[in-house]
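Worksheet: the structure to be examined is printed underneath.
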Amino acid sequence: MDSKQEIFRITRRQFVTSSAAVLATSSLAHEANAVTALAGQPSEQGKSDVRPARGPFRVIIDTDPGVDDALALLLAMRSPELKIEAITPVAGNVPLGLTLPNALRLVEIAGRTDIPVAAGARTPLVRRLVTATYAHGENGLGGAVFPEPTTKPVATPAAEMICQIVRKYPGEVTLITIGPLTNVATAINSDPELAGIVRGLVMMGGSLSGGNITPAAEFNVYVDPEAARIVFQSGIPITMVGLDVTRKTSLTDDHVRTLEAAQNPVSQAAAKIGRNAINHNREHGYLVGPNMHDSLAVAGFLDPSILKLQDYYVDVETTGELTAGETLGYSPIAGDLRRRPGMEKDAAAANMPIRGSAPTLASTKTSPVLRDKFVPNTKVAIEVDSAKFFDLLIGRLSGSK
Ligand code: BDR
Ligand code: CA
């Protein structure tokens with residue numbers, strides 16, 4: 001947790017639309033979109049392109065509710081710009097036996113039982129589940145208690161549901177992932193063409209500035225690093241909203257008071273969860289409230305001017321004994337490859353190979369080079385306008401916006 005909230009005043013460069021049709025259809029457009037701000041246009045550092053050209057935007061929200069997941073889901077369900085095709089809970093903050101009913105509770109609270117909820121993975125791909133009850137409480141909602149849901153999940157499992165919806169609307173569906181990436185990786189593994197027809201993926205996950213569960217890893221990637229690696233290497237245009245920015249989204253008493261004052265079921269539920277989470281933080285010695293990591297991913301999709309993005313090649317450490325789940329970002333423009341001032345002006349930097357660890361004697365690999373030259377696969381959020389974010393979040397939840 002950060003003791004201070006830093007507020008970045010960023011240049012507002014709105015997403016300028018040129019060819020919605022090109023963006024919306026072919027898999028080629030998706031490949032192009034991974035490296036350009038708009039299809040057919042050169043990449044401009046910092047330009048935010050998380051949102052497609054026209055709404056409402058079809059999305060699937062993959063989630064592990066979770067205190068901040070809960071507010072993110074409520075925000076999404078209160079946002080007319082989104083056509084939520086499904087919510088797909090996964091094991092993460094708490095086991096699936098809790099994330100699934102929590103998601104069902106939230107659709108009921110929001111009066112959105114029209115949204116199908118499909119049960120996802122109970123465990124990560126190859127690891128034992130590690131939960132975060134230390135932050136989200138035993139019930140995943142910070143101890144805030146709500147009635148048992150009466151709504152049932154659909155029969156289709158989450159990964160299959162993701163495949164079906166993306167296939168039904170090729171080039172139109174954005175995956176908003178705010179939990180471990182097990183469901184999405186399973187979907188990608190089961191359908192080789194899927195990655196080519198997903199519109200994009202906006203992820204709360206990862207960090208280029210240290211972790212929150214280990215010094216190296218952010219929680220969502222830590223829980224299932226193998227799944228995250230599959231996603232980062234899939235070719236889907238990814239926007240990574242990681243700890244670099246989500247650490248600047250601490251919920252305050254003032255926010256909760258505004259929610260409490262608004263007399264609607266969503267604001268009351270959000271206030272109850274927020275109040276419990278702030279108290280939980282205090283009891284555990286934190287001076288600030290919990291970060292609203294997941295809501296920032298949703299908000300950045302709703303309003304691209306909240307985040308400033310930069311192209312990176314991101315990959316995930318999966319073999320480290322201490323570092324599994326670390327996200328590594330390569331960017332010649334940021335000078336990350338050599339960390340030398342002035343490097344950003346050096347055209348040669350863009351042609352530097354992307355290297356992994358030196359090959360071991362036992363390995364069949366002879367070279368550490370992973371890619372011959374820099375190719376971005378992810379737009380990483382590097383700055384956030386926290387005030388604007390909270391205006392949107394609290395405004396939507398309280399019903400004033
Ligand atoms: C992420 O981990 C979870 O605990 C939160 O819900 C969020 O998705 C932050 O690291
Ligand atoms: Ca989450």
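Key figures
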| item | result |
| --- | --- |
| Around residue 401: net Lys/Arg minus Asp/Glu count, Cβ-Cβ under 13 Å | 0 |
| Sequence ranges 383-391, 267-275, ranked by mean other-Cβ count within 10 angstrom, highest first | 267-275, 383-391 |
| From phi via Karplus (6.51, -1.76, 1.60), per-residue ³J(HN,Hα) for the range 143-156 in Hz, x at Gly/Pro | x, 5, 9, 10, x, 4, x, 9, 5, 9, x, 6, 6, 5 |
| Efficiency of FRET from Cβ geometry, residue 139 and residue 321, R₀ 30 Å, rounded to 0.05 | 0.40 |
| The range 229-313: chymotrypsin sites (Phe, Trp or Tyr not before Pro) in DSSP loop, at most 16 other beta carbons within 10 Å | 286 |
| For residue 82, residues with placed amide H under 5 Å, excluding near neighbours | 57 |
| Exceeding the 28 Å Cα-Cα cut-off - candidates 168/272; 83/373; 168/379 | 168/272; 83/373 |
| Karplus-derived 3J(HN,Hα), 6.51/-1.76/1.60, for each residue of the range 249-264, Hz, glycine and proline x | 10, 6, 6, 10, 4, 4, 4, 5, 4, 4, 5, 4, 6, 7, 9, 9 |
| Cut-off under 5 Å, modelled amide H: who pairs with residue 383 long-range | 308 |
| Magnitude of the charge dipole, the range 143-215, Cβ model with Lys/Arg +1 and Asp/Glu -1, debye to 20 | 80 |
| Amide H contacts of residue 202 (H built 1.01 Å from N, under 5 Å, at least 5 apart or other chain) | 175, 176, 177, 239 |
| In range of the label at residue 113: residues from the range 136-160 whose backbone nitrogen is under 14 Å from the point 7 Å along Cα→Cβ | 147-154 |
| Backbone HN-Hα couplings from phi across the range 82-95 [Karplus 6.51/-1.76/1.60, Hz, Gly and Pro as x] | 9, 10, 7, 7, 6, 10, 10, x, 9, 5, x, 3, 9, x |
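Read-outs: derived from the displayed coordinates by stated rules, not from any lab. The structure displayed is predicted, hence computed values, not measured ones. Cβ atoms come from the backbone with ideal geometry, glycine included; neighbour counts cover every protein chain shown.
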